[in-house]
Structures are given as structure tokens and as C-alpha cells.
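Trainee: Supplied in C-alpha cells, the structure appears directly below.
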Amino acid sequence: MTDGYTALMNVAARLARNAGDLVFVGRRNGVGNLHTKSSATDMVTQWDAASEQLILQQLGQLRPNDSIIGEEGTHITGTSPFTWLVDPIDGTTNFLYNLSGYAVSIAACLGTDPVAAAVFLPATRELFVAAKGYGAWLGSTPLHVSNCESIENALIATGFSYISTRRETQGQRIARLLPQVRDIRRCGAAAADLCFVACGRIDAYFEEGLQPWDLAAGQLIASEAGAIVSDFSGGPIVPSEVLVTTPRIHSSLVSSL
């Protein structure tokens, strides 16, 4: 089945790059029409919708029998066992402010289990891919997590909710964790953070309140690169509680979180 998963990985990679090129070129002309979603600071641009429509159109041609769920409202029920989770621009606030840390994230799943994935960072032209049982790659380079052995030396990324009451709780958690680690980073896109764990640029990432399309592709890329993925208690990972770490610091971070 691994050969089938790598074929799905190649589909994800093609679509992520095509959509990434679309939004990167589009951003040169401004963000266009803006709307809000969960709060006044949770923005969506016309390029989020354009990216999702491009992916939807091309995926429908390449995989017409699969189901598709997209962040911007796509929900297509297919007849095959595969479901695609699509985040057309992960890190829209970065995109809005013309910061580099946004991504196009696409994963093929069997049930809730991601089996093929691609995350493309348009501003840096980096394409991260993975297939279950095949490994994770950045271009032609196989990925592996860092060899960090203690949280005291760990560079850890996180993200924050757009809901102010949740941010207050998250800020309290950061205040407790910050003295225990090397430093904290807030890059602004879950998919990118997960890929950065996979390639060893950061040692761990945690966040709560994600959506399945935020998590699926990066989760597979990180786990195929050797990361431990769990919730904050060390149980199975769920979008509401995401902890992804290099293996030797996982138990310490579970204790700290």
C-alpha cells in the first residue's frame, strides 16, 4: 500500500505547489477582499478562497471519487475510502501582513489517519512531503527530528487562539513554561511549525484548538521524521490538543504542560 500512499503524496505536492504559486503571485497585488471568521482578528482573504477553489478543481480531476474537506467551506462526500483535508492558506495573518510564514497544507486520510501529505511554504519555496511508511522529505532531503535531549535546551514553538479568553489561559501556560526551556517561538502557522519539528529547526511544538485541516499534513510529516505526536497528557493526538516533539523531551513536556 505504500506505493499507493506515495502516489497520493505526489498529488498533494503538485496541488500544494500550484496553489502556493497562485497565492504568492496574488499577494503582490494586495490581499483583496477581507472577511472575519471566529473573531474580529481571525481574517480570511480572497486568496484563501481562490486557493481552495484551485485545489478543489484540480483534485476533482485527479481524484474524482475521494471526499474533500476544506477550511473555507468545501465538504464533498465521495465514494472512495480517502478524504482530503485542505488548508488553502495556513497562517492567513502572516499572509495578510506580508510575512513569510504561511503555508498551503494538503493531506489524504483514511478515516482520521493521514497517509499522504504536502506542506508548501510559498515565500521560501520549500515543499515538505510525507507518505505513511515512506518517510518525510524536504525536496530530495530526508527529514529527521533534532537530537535535543532536555527541555532546558529546547526551542519550542506554539500558537494562540483568536479568542481573547483562550489567549489569557494560553499566556499563563507560556509564562510557566518559558523559564524551563531555551526559548519560545510563535511562527504563526501550525503546518509550518510541524514541518520545522520534522526538519529539526525547532525541538517541539504545542497548541490547542486546531482544526483537522491545520493538523493532518504536518502531523504525518513530523511523525514520519521521527517525532512523537500526542495530546498534552501523552495520549492520542487530537486537534484540540497537539504536542509534537523530538522523542527525548516528550515526557518532560507532557509533565510541564
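The values are calculated or read from the model by the stated rules, or taken from the named source; none is laboratory data. Just so it is clear, the structure is predicted and the values come from calculations on it, not from any experiment. Neighbour counts run over all protein chains shown; Cβ positions are idealised from the backbone, glycine included.
Trainee: Of the residues Arg185, Arg167, which is under 24 Å from Ser100 (Cβ atoms), within 16 Å of the chain's Cα centre (by Cα) and not acidic (Asp, Glu)?
Mentor: Result of the check over Arg185, Arg167: Arg185.
Trainee: Let me ask something else. Condition test on Phe95, is it at pLDDT below 95, crowded, with 24+ Cβ neighbours inside 10 Å and within 19 Å of the chain's Cα centre (by Cα)?
Mentor: yes
Trainee: Let me ask another. Could you list, in sequence order, all residues of the range 144-155 that are in contact (Cβ under 8 Å) with a residue 60 or more places away in the chain and either crowded, with 16+ Cβ neighbours inside 10 Å or aliphatic (A, V, I, L, M) (or both)?
Mentor: Of everything in the range 144-155, those that are in contact (Cβ under 8 Å) with a residue 60 or more places away in the chain and either crowded, with 16+ Cβ neighbours inside 10 Å or aliphatic (A, V, I, L, M) (or both) turn out to be His144, Val145, Ser146, Cys148, Ile151, Ala154.
Trainee: Let me ask you something else. Does any residue of the range 78-91 turn out to be in contact with a helix residue (DSSP H, G or I) (Cβ under 9 Å, 6 or more places away or on another chain), surrounded by fewer than 24 Cβ atoms within 10 Å (Cβ to Cβ) and closer than 26 Å to Gly188 by Cα?
Mentor: Within the range 78-91 (the criterion being in contact with a helix residue (DSSP H, G or I) (Cβ under 9 Å, 6 or more places away or on another chain), surrounded by fewer than 24 Cβ atoms within 10 Å (Cβ to Cβ) and closer than 26 Å to Gly188 by Cα), the answer is no, since none of the residues qualifies.
Trainee: Which of the following residues is under 17 Å from Gln219 (Cβ atoms) and within 16 Å of the chain's Cα centre (by Cα): Leu85, Leu110?
Mentor: Within the list Leu85, Leu110, the selection yields Leu85.
Trainee: Sticking with this one: Restricting to the range 118-143, count the residues that are surrounded by 14 or more Cβ atoms within 10 Å (Cβ to Cβ) and assigned to a loop (DSSP other than H, G, I, E, B).
Mentor: 5
Trainee: Being in contact (Cβ under 8 Å) with a residue 24 or more places away in the chain and either aliphatic (A, V, I, L, M) or surrounded by 22 or more Cβ atoms within 10 Å (Cβ to Cβ) (or both), is that true of even one residue in the range 166-175?
Mentor: Within the range 166-175, not a single residue is in contact (Cβ under 8 Å) with a residue 24 or more places away in the chain and either aliphatic (A, V, I, L, M) or surrounded by 22 or more Cβ atoms within 10 Å (Cβ to Cβ) (or both).
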